[in-house]
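Novice: Have a look at this one before I ask anything.
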């Protein structure tokens, strides 16, 4: 049975889809058969980030309505083996999703996949609720900014009270992914620090993704940023996946970096 | 009372047990029996604290009324209470007439009670013919204990008892209790103790970072708390009508 991961945040525009794409790709690169599901019905974006928008024929809602089979709707990623995308419908809205329909699709996917990564829409309404309802694990994407942190707190509350696990008296595993982190703005007191956010949300930190030009570039090119292994954001996502698999890696990109790559590799004096 | 399911399968096993319990009961003391005058005020109060009114049992106290209400008036009062999600369970009225009123309205009669409920409970109970199956437990209502974080947007209410929270209370969360509130993580949301009007209730916390604290309706906002005790371990209590914070 596949592990169901929801990538969620409450607030919009914090990097859920970018993170979903990176996490799904990262898991597939590790050799796990992974499917990415876009739950943002009506505002389909994941296909763009994954660069498969031209190959969308059928979508999630078609499968739920039994207008297409899963195999017809699943898009096989061209770059990464083991990776599939189930796109959202652009012409419908969240009401097209039903809890039974979502469950049936997840059950069918669960038979052949190792990981199901659900890219949640923003908000706490139906779409977001359905995306997190069946989750075993949640990756909560947060920006170092008070409103984003509060919304993440809210979604954590929803996770532990309105998910299937919660209803069965179990808990959903929680991970914090802090994105758009800018150490120099933290030093200037303009941005919350990692410690501030950890202190407020009180959940384990999976990774800190630095604010990076590579992310925008990757989005526009339709290549998940984790594939850009030269970029800081790509490396940070790679670290996060390694931690997710249980590896112990030190957090990087937390401090203002003035020295070059070599000095980081060979250590700093003083 | 229907007893259909309590079928006695073996004649010598006891099917029931009387146990003294200390339920939280509130009195609704009325100074008028005019429902038209009462309705808007009570409804406004209910709108302010809807959690309080959700099926809260009350004893209707009519002893402050200048003239004893008629049966019709009393029935109108009971209807009004039920509309506002109160559950009238008893009546305090003129002892002369209360028996009859209670008989018709099927409420319990509290009119003859001189002493507080506590003393009544302490009185020895008539010994049952057979010894009770289990020894009596001390019956003060157990405090509500929360071990997971109370997140923004969540509400926790400990009705009729204390609330103990062993985790953070986030900004935007609300914790309420009829009794005391203890928070062993940072308190960043709102905490309201003694929401039923108990002025003896207190709030204890390890790190005071609340948006608002309130005891029996007297409150302080984070602005005041910033100046007094921010991020300190403190208790808050009422002294007269002043809400004081004291370092722990």
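What follows is calculated from the coordinates using simple rules that are stated; it is not laboratory data. Predicted model only: the values in this text are computed from it and were never measured. Cβ placement follows ideal geometry from the backbone for every residue including glycine, while neighbour counts extend to all protein chains displayed.
Novice: How big is the Kirkwood radius of chain A, worked out from every pair of different alpha carbons and given in Å to one decimal? Could you put the intermediate results ahead of the total?
Specialist: On the way: mean 1/r = 0.0534 Å⁻¹.
Computed over chain A, the radius equals 18.7 Å.
Novice: Let me ask you something else. What FRET efficiency do you get for residue A:190 and residue A:76 if R0 is 41 Å and r is their Cβ-Cβ distance, rounded to the nearest 0.05?
Specialist: Values: r = 43 Å, r/R0 = 1.05.
My answer for the efficiency is 0.40.
Novice: Here's something else I'd like to know. Express as a percent, rounded to the nearest 5, the fraction of DSSP beta bridges in the stretch B:24-100 (both residues included) that run antiparallel.
Specialist: That works out to approximately 0 percent antiparallel.
Novice: Grab the Cα-Cα distance for residue B:84 and residue B:161, subtract it from 0.36 nm times how many residues apart they are, and report the gain in nm with one decimal. Mind dumping the intermediate values first?
Specialist: Values: separation 77, 0.36 × 77 = 27.72 nm, distance 2.27 nm.
Extending this stretch completely gives an extra 25.5 nm.
Novice: Using DSSP, restrict attention to beta bridges with both residues in the stretch A:1-143 and report what percent are antiparallel, rounded to the nearest 5.
Specialist: Restricted to the stretch A:1-143, the bridges split so that about 10 percent are antiparallel.
Novice: In peptide B:170-177, what is the residue-averaged number of other protein chain Cβ atoms found within 10 Å of each Cβ?
Specialist: Mean shielding by partner chains, rounded to a whole number: 3.
Novice: Which length gain, in nm to one decimal place, applies between residue B:17 and residue B:44 when the Cα-Cα distance is subtracted from 0.36 nm times their residue separation?
Specialist: Here the segment from residue B:17 to residue B:44 would lengthen by 5.6 nm.
Novice: Counting other beta carbons within 10 Å of each residue's own, what order do A:120, A:231, A:212, A:147 fall into, fewest first?
Specialist: A:147, A:231, A:212, A:120
Novice: Another question about this same structure. Using alpha-carbon pairs under 8 Å, 6+ residues apart, how would you state the relative contact order of the stretch B:63-117 in percent?
Specialist: Relative contact order for the stretch B:63-117 comes out at 31 percent.
Novice: Please order A:85, B:78 by the number of other Cβ within 10 Å, starting at the fewest.
Specialist: Working: A:85 26, B:78 19.
The most exposed by this proxy come first: B:78, A:85.
Novice: So in the protein assembly as shown, what percent of DSSP beta bridges are antiparallel if you round to the nearest 5?
Specialist: Roughly 20 percent of the DSSP beta bridges within the protein assembly as shown come out antiparallel.
Novice: Using the count of nearby Cβ atoms within 10 Å as a rough guide to exposure, how do B:42, B:212 rank from fewest to most?
Specialist: Working: B:42 19, B:212 16.
Ranked by crowding around the Cβ, least crowded first: B:212, B:42.
Novice: Roughly what would the spin-label model give for residue B:99 and residue B:37, points 7 Å off Cα along C-beta, in nm?
Specialist: 3.1
Novice: Could I have the simple spin-label model distance between residue A:230 and residue A:170, label points 7 Å from Cα toward Cβ, reported in nm to one decimal?
Specialist: Placing both labels 7 Å along Cα→Cβ, they lie 4.4 nm apart.
Novice: Still on this model: Would any residue of the stretch B:215-243 have its amide N under 18 Å from a label point 7 Å out along Cα→Cβ of residue B:26? List them or say none.
Specialist: Answer for this model: B:215-219.
Novice: Based on DSSP H runs of at least 4 residues, each adding -39500 (n - 2.57), what is the mean residue ellipticity at 222 nm of chain A after dividing by all its residues, to the nearest 500 deg cm²/dmol?
Specialist: Computed mean residue ellipticity for chain A: -11500 deg cm²/dmol.
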